[in-house]
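Colleague: Let me begin by handing over the structure; questions about it come next.
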Amino acid sequence: MDWLVIAEIIYIIVLILVCLRIIYDTNNSVKTLAYLLFAVFAPFIGIGFYFFFGINYRNRKMYSKKLFENTDMARRLREDLYHYSKQIFDESDAALQDNKELAFMLLKDSMSPITAHNSVKLLVNGEIKFPEVLKALGEAKDHIHIEYYIYEDDDIGTTIGNILIKKAQEGIDVRFIYDDFGSSSIRKKFVALLKANNVKAFPFFKISFLSFANRINYRNHRKIIVIDGHTAFVGGINVSDRYINNEVKSDKLFWRDTHLRIDGPGVQYLQYLFLCDWNFCANKKLQINEKFFPRESNFPKGDNKIVQIAADGPDSSTPVILYSLLQAINLATKEILITTPYFIPGESLLDALVIAALSGLDVKLLVPGKSDSILVNSAAISYYDDLLKAGVEIYRYTKGFVHAKTLVADRKIAVVGTANMDYRSFDLNFEVNAIVYDEATASELADVFFEDIKDAEKMDKEKWANRSTMKKLWQKTARMVSPLL
């Protein structure tokens, strides 16, 4: 038998086995079909792509976020959290009452409590966020927990690093998690400097050459700072000079982003997430104590803002963040305002937005005027047809790059976090969003949204429908592979 024939037979057998693996291992039917088509119609490349980027570790227990091995303790904790949350719900106003289903879904699905008596501060752009962060870090008394997807050793990264070192030398416990992919530039010198000065630092899911294929996915996209168990920062702004817009440089891109400062019991679930990630990275169990989770009576007196955290990743049995966004959209009755830098929503989120617009809700979407990826941008805009036809208003930001990930529903709830509206955030990355059930905060974030669209171009439905056939074909082709992006 000719060796070429033998090679073809071997390839066909391998292809069949890979296709069976894709079908068995991929829960999302749209993504399954995309991987199958790519594997069949792109010989060798498609198979290699799947093994690099497609293996579903959500089913392979690569990571467990359980802090409590004792099942009885976990059961008692769940019961306590439910009763605590129920009490807060019974005493709450319309912002929470009207979103009961969202709040209790998160409580049931991920044990994320409904917390009251929080102070919440909206931080618009890095030039507002970083002074707040530096001040809060300087006031730390017991511990600092910091976790970032992108951390660069530029001016702001060095400034924060110096504070971490100073605090560690004062005897304060400083723990630092950096994503090994997003923060690759600090792996050697910067991290070595931190470690040499008593800062405990670990990469999240360390990338090495031999394991690159398995570890390029499932990145830790979270941005979390927890100070003394009662103050936290969460949102879209990484540690990098690019997020600071007060530098006078004509060639510097304006970077629009949003972050939150939370003081109060709402910090505790962010602390829980950090400790889970720490135990995974450091391969060492931290002893849980009252310094990490202070009693509510020990919190500084704050406002009565209700906060809940939505977080997920490959450790989650359900796509918690996607479900929370769907529920927030489904519960809205008047207005939905969304800002996202990457919009590849998938069918469920697309349908929810279309249904909301067709039902008479005022639905507005703010996205970048230009993306940093031609393929991602083409895949994203392929969804605009359905949205525009349904009556969704789409605005393309022109002042710079909009990187904020926010949602406002009926000016009663505000969502600020790290998750983009795309497959990667919903299915692959470790993400976290903060949900604030408060009309004042939601109205403030809505005001920010309307300021932003002053620097955006509203898409014209008729003009968009009349774009060239070649553009439509390219965008529809990009949409076919959007589950893989």
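The values are calculated or read from the model by the stated rules, or taken from the named source; none is laboratory data. Predicted, not measured: the structure shown is a model, and the values here were computed from it. Cβ atoms come from the backbone with ideal geometry, glycine included; neighbour counts cover every protein chain shown.
Colleague: Check segment 137-146 and report whether any residue there is of a type in the set (Gly, Ala, Ser), in contact (Cβ under 8 Å) with a residue 40 or more places away in the chain and touching a Lys or Arg at 6+ places or on another chain (Cβ under 6 Å).
Modeller: Restricting attention to segment 137-146, the residues satisfying the condition of being of a type in the set (Gly, Ala, Ser) are 138, 140.
Next, from what is left, pick out any that are in contact (Cβ under 8 Å) with a residue 40 or more places away in the chain: 140.
Next, from what is left, pick out any that are touching a Lys or Arg at 6+ places or on another chain (Cβ under 6 Å): 140.
Looking for residues that are of a type in the set (Gly, Ala, Ser), in contact (Cβ under 8 Å) with a residue 40 or more places away in the chain and touching a Lys or Arg at 6+ places or on another chain (Cβ under 6 Å), one finds at least one in segment 137-146, hence yes.
Colleague: I'd like to check something: does segment 366-377 contain any residue that is in contact (Cβ under 8 Å) with a residue 12 or more places away in the chain, farther than 25 Å from Trp255 by Cα and of a type in the set (A, V, I, L, M, F, W, C)?
Modeller: No, segment 366-377 has no match at all.
Colleague: While we're on this one: Would you call Lys405 modelled with pLDDT of 90 or more and of a type in the set (Lys, Arg)?
Modeller: Spelling it out, Lys405 is indeed modelled with pLDDT of 90 or more and of a type in the set (Lys, Arg).
Colleague: Any residue that is of a type outside the set (Phe, Trp, Tyr), surrounded by fewer than 16 Cβ atoms within 10 Å (Cβ to Cβ), under 25 Å from Val120 (Cα atoms) and in contact with a helix residue (DSSP H, G or I) (Cβ under 7 Å, 6 or more places away or on another chain) - is there at least one of those in segment 251-258?
Modeller: No, that holds for no residue.
Colleague: What are the residues in segment 172-190 that are modelled with pLDDT of 95 or more and more than 24 Å from the chain's Cα centre (by Cα), if any?
Modeller: Ile172, Asp173, Phe190, listed by residue number.
Colleague: Can you spot a residue in segment 290-300 that is of a type in the set (Ser, Thr, Tyr) and at pLDDT below 90?
Modeller: Checked segment 290-300: at least one residue is of a type in the set (Ser, Thr, Tyr) and at pLDDT below 90.
Colleague: So which residues in segment 337-356 are crowded, with 22+ Cβ neighbours inside 10 Å and not in a loop (DSSP other than H, G, I, E, B), if there are any at all?
Modeller: Leu337, Ile338, Thr339, Phe343, Leu353, Ala356
Colleague: Taking Leu270 and the conditions (1) over 20 Å from Glu152 (Cα atoms); (2) over 20 Å from the mean Cα position of the chain (by Cα), which numbered condition does it fall short on, given that it satisfies the others?
Modeller: Checking Leu270 against (1) over 20 Å from Glu152 (Cα atoms); (2) over 20 Å from the mean Cα position of the chain (by Cα), the one that fails is (2).
Colleague: Give the residues of segment 420-448 that are crowded, with 24+ Cβ neighbours inside 10 Å, part of a helix (DSSP H, G or I) and hydrophobic (A, V, I, L, M, F, W, C), sorted by residue number.
Modeller: Phe426, Leu445
Colleague: Here's a follow-up. Limited to segment 137-173, what total is found for residues that are assigned to a loop (DSSP other than H, G, I, E, B), β-branched (Val, Ile, Thr) and under 19 Å from Lys188 (Cβ atoms)?
Modeller: Total satisfying the criteria: 1.
Colleague: Sticking with this structure for a sec: Within segment 253-273, track down each residue that is assigned to a loop (DSSP other than H, G, I, E, B), under 24 Å from Phe450 (Cβ atoms) and of a type outside the set (D, E, K, R).
Modeller: Selection gives Leu253, Phe254.
Colleague: Do you know which residues across segment 361-375 are of a type in the set (A, V, I, L, M, F, W, C) and either at pLDDT 90 or above or buried (at least 21 other Cβ atoms within 10 Å of the Cβ) (or both)? Spell out the reasoning first.
Modeller: Let us first name the residues in segment 361-375 that are of a type in the set (A, V, I, L, M, F, W, C), namely 361, 363, 365-367, 374-375.
The answer is Leu361, Val363, Leu365, Leu366, Val367.
Colleague: Could you tell me whether Lys334 is surrounded by fewer than 23 Cβ atoms within 10 Å (Cβ to Cβ), charged (D, E, K, R) and assigned by TED's automatic domain parsing to the domain that holds Val267?
Modeller: no
Colleague: Just to verify a result, which residue in segment 216-235, among those that are part of a strand (DSSP E or B) and within 14 Å of the chain's Cα centre (by Cα), is nearest to Asp312 (Cα to Cα)? Even if it seems obvious, please write down each step before you answer.
Modeller: Of segment 216-235, the ones part of a strand (DSSP E or B) are 220, 224-227, 231-235.
Filter again for within 14 Å of the chain's Cα centre (by Cα), leaving 220, 224, 233-235.
On the way: Asn220: 10, Ile224: 14, Phe233: 18, Val234: 15, Gly235: 15 Å.
By that ranking, first place goes to Asn220.
Colleague: Please go through segment 381-419 and give me each residue that is surrounded by 22 or more Cβ atoms within 10 Å (Cβ to Cβ), more than 19 Å from Leu325 (Cα to Cα) and of a type outside the set (Val, Ile, Thr), ordered by number.
Modeller: Across segment 381-419, the qualifying residue is only Tyr397.
Colleague: Follow-up question, since we're still on this one. Take the residues in segment 85-131 that are assigned to a strand (DSSP E or B) and of a type in the set (Gly, Ala, Ser); name whichever of them is surrounded by the fewest Cβ atoms within 10 Å (Cβ to Cβ).
Modeller: It comes out as Ser119.
Colleague: Among the numbered criteria (1) more than 17 Å from the chain's Cα centre (by Cα); (2) surrounded by fewer than 16 Cβ atoms within 10 Å (Cβ to Cβ), which single criterion is violated by Ser378?
Modeller: Just one mismatch for Ser378, condition (2).
Colleague: Could you list, in sequence order, all residues of segment 444-470 that are of a type in the set (Gly, Ala, Ser) and over 22 Å from the mean Cα position of the chain (by Cα)?
Modeller: Correct list: Ala456, Ala465, Ser468.
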